[in-house]
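Scroll down for the structure; my scribbles are underneath it.
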Amino acid sequence: MSAPQLISGLSDIADAYDVLLCDVWGVVHNGREPYPRAMEALTAYRQGGGAVVLISNAPRPGSDVIEQLDRIGVPRAAWQAVTTSGDATIAELKKRAPGPAWAIGPERDQGVYQGTGVTLTDKAEDAAFISCTGLFDDEADQPEDYRPTFREAARRGLEMVCANPDRVVHRGQDLIWCAGALADVYAEEGGPVVMAGKPFGPIYDLALEQAAGLLGRDVDRARVLCVGDGLPTDVLGANAQGLDCLFVAGGIHIADVTDAHGGLDPARAEALLSEKGAHARFVSLELNW
């Protein structure tokens with residue numbers, strides 16, 4: 001595969017695309033505040049006639065994510081629609097109603113169960129399947145803490161529906177464990193795992209459906225650009241869908257792609273992509289105009 005093209009900003013390539021499917025955490029904001037240059041880029045792209053769908057592995061409905069975007073100051077001018085792993089997961093939960101599901105995750109993720117018909121239990125031994133939205137306490141727990149219980153659940157053959165394939169995400173300057181890290185542990189114990197978020201197809205189907213509604217016509221997939229900072233999710237997800245990708249290398253992989261002065265080292269970025277079996281058409285340190 002050809003090396004990714006280093007761009008100075010989104011304006012270099014904006015005319016080639018009708019739709020941006022843009023990751024949220026690590027590209028749009030850090031969990032506490034938006035990135036000003038990313039806001040400028042998305043707003044300018046929209047003003048030029050492009051459609052922006054934010055596509056997030058948040059394990060909550062899109063309406064919950066919109067509330068968070070508003071709360072931390074992400075301007076509505078920067079985006080038009082939101083698709084989440086939670087939205088795609090809701091469809092998977094409805095298939096398994098009434099359960100019950102052993103619900104693993106913080107209280108803030110409970111909205112994903114509303115309207116699914118799934119009943120919940122806090123005991124693995126009483127469950128028909130597992131629903132994992134994250135760690136119970138993502139600031140204190142470690143994925144390995146869950147292994148003993150997972151071993152027994154996997155022995156019983158319980159299926160895990162993982163609402164967020166991300167392994168880690170930035171919260172401010174800290175890296176926080178996500179549901180994908182728990183799914184890894186469960187799979188290591190032999191447990192079956194189902195995921196609907198990036199890099200898997202269901203979330204892209206929903207996002208492209210939203211994009212078509214914004215454009216008022218069918219989407220030309222050759223004119224869709226995925227933007228993201230996660231190799232296992234954003235980049236490999238775009239690759240699996242046959243969509244072009246802008247790899248924002250200054251997100252969770254920043255330590256692997258910068259030079260001694262903190263600038264982007266294109267050769268290191270290319271090597272990282274190659275190591276993961278991924279390909280990005282474009283690369284930049286951040287999303288900017």
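The values are calculated or read from the model by the stated rules, or taken from the named source; none is laboratory data. These numbers were taken from a predicted model, which means no experiment stands behind them. Note that we place each Cβ from the backbone using ideal geometry, even for glycine, and neighbour counts take in every protein chain shown. To get the accessible areas, we keep the full protein, side chains included, count just its heavy atoms, and leave off ligands, DNA and RNA. Shrake-Rupley method; radii C 1.70, N 1.55, O 1.52, S 1.80 Å.
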Practice prompt. Give the residue from PHE247, LEU273, GLY216 lying farthest towards the positive end of the charge dipole for the chain; charges sit on Cβ (+1 for Lys and Arg, -1 for Asp and Glu) and the dipole is referred to the Cα centre.
Written response: GLY216
Fill in: Relative contact order of segment 77-210, defined on C-alpha pairs under 8 angstrom at six or more residues apart (%)
27 percent
Fill in: Label point at ALA16 placed 7 Å out along Cα→Cβ; residues across segment 245-269 whose backbone nitrogen lies under 11 Å
245-246
Fill in: Relative contact order %, segment 210-289, counting alpha carbon pairs below 8 Å whose residues are six or more apart
29 percent
Worksheet item: Under a straight-distance cross-link criterion of Cα-Cα below 17 Å, which aspartates and glutamates are reachable from LYS94, leaving out those fewer than 8 residues away in the same chain?
Response: ASP109, GLU159
Discussion item. How big is segment 169-255 along each principal axis, measuring the range of its Cα positions in Å and listing the largest first?
Written reply: 44, 32, 20
Response to the item:
The answer for segment 106-204, accessible area per residue at 1.4 Å probe in Å², is 45 Å²
Fill in: Two-site label geometry, ALA255 and GLU139: point separation in nm, points 7 Å out along Cα→Cβ
2.2 nm
Practice prompt. Please list, or write none, the aspartates and glutamates whose alpha carbon is within less than 15 Å of the alpha carbon of LYS276, excluding same-chain residues fewer than 8 places away.
Written response: ASP229, ASP234, ASP256
Worksheet item: What is the spin-label model distance, in nm, from ALA97 to GLU275 if the labels are put 7 Å beyond Cα along the C-beta direction?
Response: 4.5 nm
Discussion item. With +1 on the Cβ of every Lys and Arg and -1 on the Cβ of every Asp and Glu, and nothing else charged, how large is the dipole of the chain about its Cα centre, in debye rounded to the nearest 20?
Written reply: 600 debye
Worksheet entry | Cβ-placed point charges (K, R +1; D, E -1), dipole of segment 177-260 about Cα centre in debye, nearest 20 | 320 debye
Worksheet entry | Calculated over segment 118-210: convex hull of Cα atoms, volume per residue (Å³) | 120 Å³
Worksheet entry | Whole-angstrom gap from segment 148-177 to segment 86-128, using each part's C-alpha centre | 14 Å
Response to the item:
Per the rule of 0.36 nm per residue minus the C-alpha distance, extending ALA267 to VAL194 adds in nm 22.8 nm
Worksheet item: Roughly to the nearest percent, how much of the accessible area of segment 119-260 is carbon and sulfur, given a 1.4 Å probe?
Response: 48 percent
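With every protein chain present, what is the per residue accessible area of segment 1-87 (1.4 Å probe, Å²)?
Ligands and nucleic acids excluded, the figure is 39 Å² per residue.
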Worksheet item: So what is the relative contact order for the chain, in percent, with contacts set as C-alpha pairs under 8 Å and at least six apart?
Response: 23 percent
Discussion item. Under the rule a/c < 1.5 gives rounded, and otherwise a/b versus b/c splits prolate from oblate, where does the chain land using the Cα gyration tensor?
Written reply: prolate
Response to the item:
Cross-link reach from LYS95 to lysines, straight Cα distance under 25 Å and at least 8 residues apart if same chain, gives LYS123, LYS198
Discussion item. Relative to 2.2 N^0.38 Å, what does the C-alpha radius of gyration of segment 27-140 come to as a ratio? Two decimals please.
Written reply: 1.25
Item to complete: Give the residues of segment 60-90 whose amide nitrogen is closer than 18 Å to a point set 7 Å from the Cα of ARG46 in the direction of its Cβ.
Response: 62-84
Worksheet item: Arranged from highest to lowest average of other beta-carbon atoms within 10 Å per residue, in what order do the peptides 233-239, 71-77 appear?
Response: 233-239, 71-77
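Within the chain, which whole H helices from DSSP have a Cα span along their axis of at least 18 Å and a mean Kyte-Doolittle hydropathy of -0.5 or more, if any? Kindly include the intermediate steps, with their values, before the conclusion.
Values: long enough: 201-215 (21 Å, 0.73).
Within the chain the helices that satisfy the rule are 201-215.
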Worksheet entry | Label point distance in nm, ARG71-ARG151, each placed 7 Å from Cα along Cα→Cβ | 3.8 nm
